Amino acid sequence: MDGIAVAPYGPKWMANRKFFYSAMRTMGLGKRGIEKCVIDEVPYIVEELEKLCSSDELFEPSSVFDPAVLNVLAYFTFGNRYSYQDEKFKELIHINNEFFQKAKFLNQPEFFLVTLIPGLHKYWLPQCFRKIHKFVKAEIKHHRQHLDPQNPRDYIDCYLNELNQTSDQSELSELGLEMSIMDLFQAGTETTATTLRWAVLYMVNNPHIQENVQSEIDNVLGFDQLPKYEDRTRMPYCEATVLEVQRMASITPFGLLHCSEEDQKLGGYHIPKHTCIMPSYHTIHFDPKFWKNPNEFDPCNFIDPNGKVGTRDAFMPFGGGLRICVGMNIAKQELFLFFVAILQKFTLQLPDDVKSLDDEPIPGMTLAPKPFRV
């Protein structure tokens, strides 16, 4: 198995992750470059929401967040920004969502049957990602046919250039490219879009917090100035609110499977070599030893006595260690900039006949809120 997320620890995994960061720099997609991609998407989000407001339609968050988040990754990966009405783009969103629907029991005990029974994954897994794999392979083929080695347009071009410059494909390979892209889309779209849906839910269920967020936005940005990622240093309450959304939602309750490379002793327990280890981030995020009133939504969990956003050791929304999420910097900017841009222009309210939204998540690969409209 190749890729940058779930591949086994070893030379292939390390080479693909190293190349990912190298390609980001090659394309000028450091933090500033990512920010531009995200900010460029903001007017389209606002436009879609204004259409809904003018027609008095209720807002279903996925209809806006899914294409917005996917567009940022599509620009980085495919070199394209798609119209929300583009049929090819709609199909990409559909097949990506379909994967998560069919993989909804991945964080449940039954999933281990897939890994324990020899050959079962050959029948189950392709049903989940065959369509998106086909889409990715078609994009790579198209890029190969139109490749200009002197002017790489995106991640695929950079990777193909690297493959063309070496005959040794023991570490980087076309399969590695395919799996890396699938890792990015499957890990980087659903997670961020779902977190934004939780943000909407927590804002309508906690209108006093929404008012505090909007007050800070008004004081720092006003109504017309687009937010920048650096503005978070002047907007501690907004940043803390986004962090609290991530903690309360804990959309990835368990981390990626790890494996002990050798026998270890930890906390008095013997962990044999080749033991599967899965961190429980949900447990960490709700541990009363680290959080005062962990079941209450409170942005002040992240604000220190000086009024600044402080770091918390018991906060791991992107995992940790060598397998920390490679798309972390992209996701951080999307969450802050999209969240602030929406609340700068709109007030989120419950429908007249609803007192509060159900905050009990749907179990699955990610913990998503039940479908709702506002």
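Each label point was placed 7 Å from the Cα along the Cα-to-Cβ direction; for Glu87 and Glu47 their separation is 2.1 nm. Under a 5 Å amide H cut-off, with hydrogens placed 1.01 Å from N, Ile362 pairs with Ala368, Lys370 among residues at least 5 apart or on other chains. Within segment 145-251, the chymotrypsin sites (Phe, Trp or Tyr not before Pro) that combine a DSSP coil assignment with at most 16 other C-beta atoms in a 10 angstrom radius are Phe223. In this rough spin-label picture, where each label sits 7 Å from Cα along the Cβ direction, the Asp353-Lys141 distance is 4.9 nm. Projecting label points 7 angstrom from Cα along Cα→Cβ for Arg373 and Leu266 puts them 4.7 nm apart.
Sorting Val69, Val354 by the number of Cβ atoms found within 10 Å of their own Cβ, with the fewest placed first, yields Val354, Val69. Excluding same-chain neighbours fewer than eight residues apart, the aspartates and glutamates reachable from Lys90 by a Cα-Cα span under 19 Å are Glu41, Glu47, Glu48, Glu60, Asp66, Glu98, Glu139, Glu190.
Each residue of segment 312-317 was assigned a 3J(HN,Hα) from its phi angle through the Karplus curve 6.51 cos²θ - 1.76 cosθ + 1.60 (θ = phi - 60°); the sequence is 10, 5, 8, 10, 9, x Hz, with glycine and proline shown as x.
Assuming R0 = 30 Å, can you tell me the calculated FRET efficiency for the pair Leu226 and Asn80, based on Cβ-Cβ distance, to the nearest 0.05?
Values: r = 23 Å, r/R0 = 0.75.
Step by step, r from the Cβ atoms, then E = 0.85.
With neighbours defined as other Cβ atoms within 10 Å of a residue's Cβ, the residues Phe19, Phe338 order from fewest to most as Phe19, Phe338.
A full extension of the chain between Met14 and Asp40 corresponds to an added length of 6.2 nm, given 0.36 nm per residue minus the alpha carbon distance.
Cross-link check: pairs Lys18/Lys265; Lys273/Lys332; Lys18/Lys134; Lys88/Lys345; Lys18/Lys88; Lys134/Lys370 evaluated at a Cα-Cα cut-off of 28 Å; pairs beyond the cut-off: Lys18/Lys265; Lys273/Lys332; Lys88/Lys345; Lys18/Lys88; Lys134/Lys370.
Each Cα pair under 8 Å and six or more residues apart adds its separation to the average, and for the chain the resulting relative contact order is 24 percent. For the pair Glu211 and Leu175 in one chain, pulling the backbone fully straight at 0.36 nm per residue adds 8.1 nm over the alpha carbon distance. Measuring r between the beta carbons of Glu360 and Arg312 and using R0 = 25 Å, the FRET efficiency lands at 0.50.
Backbone phi angles across segment 273-290, fed through the Karplus curve with coefficients 6.51, -1.76 and 1.60 (θ = phi - 60°), yield HN-Hα couplings of 4, 6, 6, 6, 10, 10, x, 9, 5, 4, 4, 4, 6, 10, 7, x, 5, 10 Hz in residue order; Gly and Pro are listed as x. Among Met14, Gly319, Tyr84, whose Cα lies farthest out toward the positive end of the dipole of the chain, if unit charges sit on the beta carbon of Lys, Arg (+1) and Asp, Glu (-1)? Highest projection toward the positive end goes to Met14.
Legend: ranking of residues Ser62, Ser167 from fewest to most surrounding C-beta atoms inside 10 Å; resulting order Ser167, Ser62. Basic side chains Lys and Arg get +1 at the Cβ, acidic Asp and Glu get -1 at the Cβ, and with that the dipole of the chain about its Cα centre reaches some 1000 debye.
By the rule of a C-alpha distance below 14 Å, with chain neighbours fewer than 8 residues away ignored, the aspartates and glutamates paired with Lys289 are Asp313. Annotation note: trypsin sites (Lys or Arg not before Pro) in segment 134-182 located in DSSP loop regions with a Cβ neighbour count of at most 11 within 10 Å are absent.
The coefficient of translational diffusion for segment 11-345, derived via Stokes-Einstein from the alpha carbon Kirkwood radius under 37 °C and 0.692 mPa s, stands at 151 µm²/s.
Find me the longest stretch of the chain that has none of the exposed GluC sites (Glu not before Pro), where exposed means in a DSSP loop (not H, G, I, E or B) with at most 16 other Cβ atoms within 10 Å. Value returned for the longest uninterrupted segment is 111-260.
Along the Cα-to-Cβ line of Arg130, 7 Å from the Cα, sits a label point; which residues in segment 173-187 have backbone N less than 19 Å from it? Within reach of a label on Arg130, which here means backbone N under 19 Å from a point 7 Å along Cα→Cβ, segment 173-187 contributes 179, 182.
Every read-out reported here was derived from the displayed coordinates using simple, explicitly stated rules and does not represent laboratory data. The structure presented is a predicted model; accordingly, all values stated were derived computationally and were not measured. Note that we place each Cβ from the backbone using ideal geometry, even for glycine, and neighbour counts take in every protein chain shown.
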